[in-house]
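The values are calculated or read from the model by the stated rules, or taken from the named source; none is laboratory data. In this text, all values refer to a predicted model and were calculated from it rather than measured experimentally. Methodologically, a virtual Cβ is constructed for each residue, glycine included, from the backbone with ideal geometry; neighbour enumeration extends over all protein chains shown. Protein only, heavy atoms only, side chains kept; ligands, DNA and RNA dropped before computing areas. Shrake-Rupley method; radii C 1.70, N 1.55, O 1.52, S 1.80 Å.
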Amino acid sequence: MSDAIIVLNAGSFSLKFSIYGVANRELNLVARGQIEGLGTSPHFKAKDQQGRSLAHASLGGSMPGFGHPEAFAHLSVWARQQFGGKFSPVAVGHRMVHGGTEFTSPTLIDAEVLSRLERLIPLVPLHQPHNLAAVKGVIQLRPDLIQVACFDTAFHRTKPKVADRFGLPDEMFGQGVRRWGFHGLSYEFIAGQLRRIAPDISAGRVIVAHLGSGASLCAMKDGQSVDTTMGFSALDGLPMGTRCGNLDPGVILFLLRQGWNVDRIEDLLYKKSGLLGISGMSNDVRVLLASDRPAAAEAIEFFVHRIVREIGSLTAALGGLDALVFTAGIGENSPVIRQRVCKGLAWLGVHIDPDANGHGSTRISPAGQSPSVWVIPTDEEAVIASHTLAVVRALKGGPQEETRLCRLTD
C-alpha cells in the first residue's frame, strides 16, 4: 500500500480536493474534484489524472448541515471505496489564504498554529474561516493525519517594504494594513516551471499574469516576488469576474454617505462588480467574447486595458521586462485575450506568433524575441502536495531531496 497526500482547498460553498500517491521521490496525481453546494444541495465530482470522470453524483436534497467536516468525511469514504488498499493517506495539505508576517513557509498545523491562524481572520474574513473549517473537519474525523498549511501570501514576503505600504499612518502598517498580495502558490509553481523550461529567463525580470475568475499580476526577479497587483485584500488590482479591482477609496465613503451598510458594499465589491458588473450579463470571458452586445465588448476592453496598464507599472518596478507569462483559466485558454494584451504592449517590444498563440504553445513569441511570451498552466495543488510531503519527510527524519512530480515532468 502506497502513502497518499490529500490536498484541500476550502471555499465558502465548496471543498476542492486532489489526491496524490507517493512512491519513492515521486508524487502522482490519482484524482481531483470537488464537493460543491455545501450547506444547500451538495454535489460530488471527481476525475482521474487523465480527466476521466470517476464520480458525478448528488449527495441528496437540501442538506443545510452538510459542511466542510461532512464533505471531508464523504471524500474519505469515497477514496477508500474507489482505491481500496492501494493508497493510505498520511497527510493533508491545505491552501491557506493568509499567513500574515509570521507564516512565510509551509507549516505543520498543531493547536497553537491553529489558534494563531484564527487570529488572522479579521484580515480575510471571507476566506480564512473556510480554510480553517476544513482543518477542523480533518481533526474531527482523522486526528491522526499530519496537516500542513501552505500560504498564498508567503510568496510575496520577498517584496521590498516600499511595495508593501499604503500611504497611511505607520501604526496601521504594524497592525496589518499593508499590501499582502495573493495567488502566491500559483506564482511559486510558475517560478519553478520557468526554472525547469527556461532557466536563463527565470533568473531575469518576469511578469506573470494569473488571469482567472480571480486575477492578478506578479513581478518577479530571479524567481522572487518584487511587486504584485493584489494588495490588502483579493479585491485590489485587476478587475475580475465579479470583483471590482482597483478602486478609489472615496467611492466607499460616497456609498456610506448614501446609506449603504458594510454588508451591501461587500456584496457589491465581491459579487456584483468586475466583468459581471460592467457587462450586466456574465462574469465569463467566453460568454462576453461570443456576445455582440456593446456592454460585453466594453467589459472585455476594460479588462484588457487594466492588464496592459498594470503590466506597464510592474515593468517600471522591475526596471525592464524579459518575459511575460500567461496562466490560470483565462490566461491559459483565451488566445483572444492574450493577443489583445500583447498588442497593447507592443511599445515594450512584446510580439507573439499568431499560430503559436492560437495553438496555446508553451512559448508564443518568435524565437529570439525579447521580451519572450509564454503560456504555462498553473497547478497550486501540486505545490501544496510537494510542500506537504516535505514536511512529512522532515518529521520522519527522511532525506530532504526535491520531490518529483511525475505528471509534470514525464
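What to note about this one:
- Answer from A46, A57 - the residue that is closer than 13 Å to L75 by Cα, part of a strand (DSSP E or B) and modelled with pLDDT under 90: A57
- Complete set of residues in region 326-339 that are in contact (Cβ under 8 Å) with a residue 40 or more places away in the chain and either in contact with a helix residue (DSSP H, G or I) (Cβ under 8 Å, 6 or more places away or on another chain) or of a type in the set (A, V, I, L, M, F, W, C) (or both): F326, T327, A328, I330, G331, S334, V336, I337
- Flag if R119 is of a type in the set (K, R), within 23 Å of L235 (Cα to Cα) and in contact with a Leu (Cβ under 9 Å, 6 or more places away or on another chain): no
- Pairs where the first residue, in region 276-291, is under 13 Å from S213 (Cα atoms) and among the charged types (D, E, K, R) and the second is open to solvent by 60 Å² or more (accessible area, probe 1.4 Å) and in a loop (DSSP other than H, G, I, E, B), C-beta under 9 Å, 6+ apart: D284/S213
- Residue within region 105-119 that is closer than 29 Å to M220 by Cβ, surrounded by 19 or more Cβ atoms within 10 Å (Cβ to Cβ) and of a type in the set (K, R) present: no
- Residue tally, condition under 18 Å from S12 (Cα atoms) and touching a Phe, Trp or Tyr at 6+ places or on another chain (Cβ under 6 Å), over region 86-101: 1
- Candidate set: region 300-351, residues that are open to solvent by less than 10 Å² (accessible area, probe 1.4 Å) and farther than 16 Å from L217 by Cα; chosen: the one nearest to the chain's Cα centre (by Cα): I300
- Index of the failed condition, V162 passing every other in (1) open to solvent by less than 80 Å² (accessible area, probe 1.4 Å); (2) modelled with pLDDT of 95 or more: (1)
- Selected residue [closer than 26 Å to F189 by Cβ, in a helix (DSSP H, G or I) and in contact (Cβ under 8 Å) with a residue 60 or more places away in the chain] from A79, A91: A79
- Within the set F182, F155, F173, F151, the sole residue that is aromatic (F, W, Y) and surrounded by fewer than 23 Cβ atoms within 10 Å (Cβ to Cβ) turns out to be F173.
- Pairs are defined by a Cβ separation below 6 Å, a sequence spacing of at least 6 or placement on different chains, a first member in region 222-240 that is more than 21 Å from A316 (Cα to Cα), and a second member that is among the charged types (D, E, K, R) and crowded, with 24+ Cβ neighbours inside 10 Å; the pairs so defined are L235/R243.
- Within region 383-408, tally of residues that are closer than 13 Å to Q193 by Cα and at pLDDT 95 or above: 1
- For region 154-194, filtered to residues that are assigned to a helix (DSSP H, G or I) and of a type in the set (A, V, I, L, M), the residue that is farthest from A382 (Cα to Cα) is M172.
- Scan of region 46-68 for residues that are open to solvent by less than 60 Å² (accessible area, probe 1.4 Å), closer than 22 Å to G84 by Cα and not hydrophobic (A, V, I, L, M, F, W, C), ordered by number: D48, G51
- Candidates Q193, Q147, filtered to the one that is in contact (Cβ under 8 Å) with a residue 40 or more places away in the chain, touching a helix residue (DSSP H, G or I) at 6+ places or on another chain (Cβ under 7 Å) and polar (S, T, N, Q): Q147
- Matching strands (runs of 3 or more DSSP E) fully within region 195-241 where at least 2 residues are at pLDDT 95 or above, under 24 Å from N283 (Cα atoms) and among the small types (G, A, S): 215-221
- Checked against the criterion of being over 24 Å from the mean Cα position of the chain (by Cα), assigned to a helix (DSSP H, G or I) and surrounded by 15 or more Cβ atoms within 10 Å (Cβ to Cβ), the candidates L288, L268, L275, L255 yield just one match: L255.
- Among the residues listed as G84, G137, G60, G99, the single one being farther than 26 Å from Y270 by Cα and touching a helix residue (DSSP H, G or I) at 6+ places or on another chain (Cβ under 8 Å): G137
- Subset of region 315-359 [of a type outside the set (A, V, I, L, M, F, W, C), in a loop (DSSP other than H, G, I, E, B) and closer than 24 Å to A297 by Cβ]: S334
- Single condition E102 does not satisfy, out of (1) without any contact (Cβ under 8 Å) to a residue 60 or more places away in the chain; (2) over 21 Å from the mean Cα position of the chain (by Cα); (3) at negative phi; (4) open to solvent by 20 Å² or more (accessible area, probe 1.4 Å): (2)
- S273 being closer than 16 Å to F303 by Cα, touching a Cys at 6+ places or on another chain (Cβ under 8 Å) and free of Cβ contacts under 8 Å to residues at least 40 places away in the same chain: yes
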